[in-house]
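Below is one structure; the comments refer to it alone.
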Amino acid sequence: MTEFPKKLTEKLTERQANNALRKLPVPNGLIDFSSNDYLGFAKNGTIFKNTSCILEKKGINDNGASGSRLLTGNSELYGELEDLLADFFGSGAALIFNSGYDANIGFFSAVPQRTDVVFYDELSHASIRDGIGLGRAQSFKFKHNSVEDLSRQIDRVREGKLDSDIYVVTESVFSMDGDSPDLEAFVALCQTKGAYLVIDEAHAVGVFGRKGEGLIYELGLQDKVFARIVTFGKAMGCHGAAILGSDALKSYLVNFARSFIYTTGMPPHSLATILSACEHVSATNKEQNQLRTNIEFFKSELKVHNLQSYFIPSNSAVHCCLVEGNEKVKKWSQQLQENGFDIKPIMSPTVPKGKERLRFCLHSFNTEQEINEVLLQLSNLF
């Protein structure tokens, strides 16, 4: 075999020395407090059966899309799904991407122009930052969830860029903290400043909203944001993503978003699974209501076990316990796993050094006994 480059070996060695070397995990059969399957849809038998029924009724037996959507990969199923998504999320239009990463890469590399400016929350997801990095616009980060800092920065930059379009991006639920910004304040600021607001709703879809439409919809702000990025690989239990916005935005992305143009379309089965999951969440609130009950119970148990001061405040399905140091957080995670609970450590450089954490992902299928027991085990580690 060809010799592996020395520079790359050194980078791997450095990461191992910092106790931060990543390895692919294997299924462990432990009680799930780590997956993004918040509603249990990834293993939902009804959704699985209905997906097959959708394909059978439409006479679809293709395994793949056969090409990009602009060539041979488009289908009636795509159109039906995008119309359903636009209606479900209260949007003018929807455009499906192969993943949330592809959606963010496509949007931020194509929409903001060379003379424009993008402001992003300092804790924004890697896919947002990577998309901005591929784009031509100037970019600045603002302090986490700080409307005040964002306002100051917009004013500072606007003085010399009167003709620039301003884009602001944040998340409705942050994946590594579980917290949410004051979205109404962000909307008001962007309206005042004439900025285009973009919200990543990856961890809010399925959790917030009357039928899981997300936090923006729950707050009635869907007509006051420029674009929303929603994903289906978390609470919806399948795969893919969509950008929600106007018909004009959809047309622009079809023409200029490279991660949309230059990739094979999703297979019909994936599209049918999203359809089935949306139909299921629209038909019943059972899983969503149980998840919300579990979130409230988890928060009450934090107080019972005197743990609330170690956790970042959250109303979402993601709750993070700060445990400083990669070595310590890995050790604690391993001890919880040895006791039967799948709790993953989130280490630097994924999060800033000194902000390492144990991330607890709650689900509709977790029981109160499991929640109480895992927090009891955690309290014994302090």
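The values are calculated or read from the model by the stated rules, or taken from the named source; none is laboratory data. Treat the numbers as computed from the prediction; the structure is a model and nothing was measured. Note: ideal-geometry Cβ built from the backbone for every residue, glycine included; neighbour counts use all protein chains shown. Side chains are part of the model used for accessible areas, which takes the heavy atoms of the whole protein and leaves out ligands, DNA and RNA. Shrake-Rupley method; radii C 1.70, N 1.55, O 1.52, S 1.80 Å.
Here are the numbers for this structure:
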item	result
Net lengthening on full extension, Ile261/Asn19 (0.36 nm per residue, minus Cα-Cα)	83.2 nm
Residue pairs, from the table Lys143/Lys330; Lys6/Lys234; Lys7/Lys234; Lys224/Lys353, whose Cα atoms sit over 30 Å apart	Lys6/Lys234; Lys7/Lys234; Lys224/Lys353
Cα gyration tensor of the range 235-382 - equivalent ellipsoid semi-axes, whole Å, descending	36, 21, 14
Accessible area per residue in Å² at 1.4 Å probe, computed on the range 144-199	41 Å²
Per-residue [θ]222 nm for the chain (sum of -39500 (n - 2.57) over DSSP H runs n ≥ 4, rounded to 500)	-12500 deg cm²/dmol
Globularity ratio of the range 1-63, using Cα Rg and 2.2 N^0.38 Å	2.01
Mean-position separation - Cα centroids, the range 94-127 and the range 1-57, in angstrom	23 Å
Reciprocal mean inverse distance between Cα atoms of the range 201-322 - Kirkwood radius, Å	16.6 Å
The range 170-272, accessible surface, carbon-and-sulfur percent (1.4 angstrom probe)	49 percent
Nonlocal amide H pairs with Asp121, under 5 Å, H built at 1.01 Å	Phe142, Val169
Burial ranking of peptide ranges 363-375, 301-313 (average Cβ count within 10 Å, highest at the top)	363-375, 301-313
Solvent exposure, largest accessible area first (probe 1.4 Å, DNA, RNA and ligands not counted), of Arg210, Arg152	Arg210, Arg152
Extended-chain gain in nm, criterion 0.36 nm per residue less alpha-carbon gap, Lys303 and Gln369	22.2 nm
Of (1) 168; (2) 122; (3) 240, the label for volume of the Cα convex hull per residue in Å³ derived from the coordinates	(1)
Percent accessible area from carbon and sulfur atoms, the range 105-158, protein chains only, probe 1.4 Å	47 percent
Rg followed by Dmax, in Å, when the range 58-178 is reduced to its Cα trace	17.9, 59
Calculated FRET value between Leu376 and Lys43, using beta carbons and R₀ = 22 Å, to 0.05	0.25
Alpha carbon centroid spacing (whole Å) that separates the range 309-382 from the range 254-274	35 Å
The chain: most fluctuating residue of Lys11, Lys58, Lys49 per GNM, C-alpha cutoff 10 Å	Lys11
Positive minus negative residues near Glu56 (Lys, Arg vs Asp, Glu; Cβ under 14 Å)	+2
Fluctuation leader among Arg258, Arg228, Arg15 - the chain, Gaussian network, Cα springs under 10 angstrom	Arg15
Solvent exposure of the range 1-117 as accessible area per residue, Å², 1.4 Å probe	62 Å²
Contact order normalised by residue count of the chain, Cα under 8 Å, 6+ apart, percent	24 percent
Carbon + sulfur, % of accessible area of the range 302-382 - ligands and nucleic acids excluded, 1.4 Å	46 percent
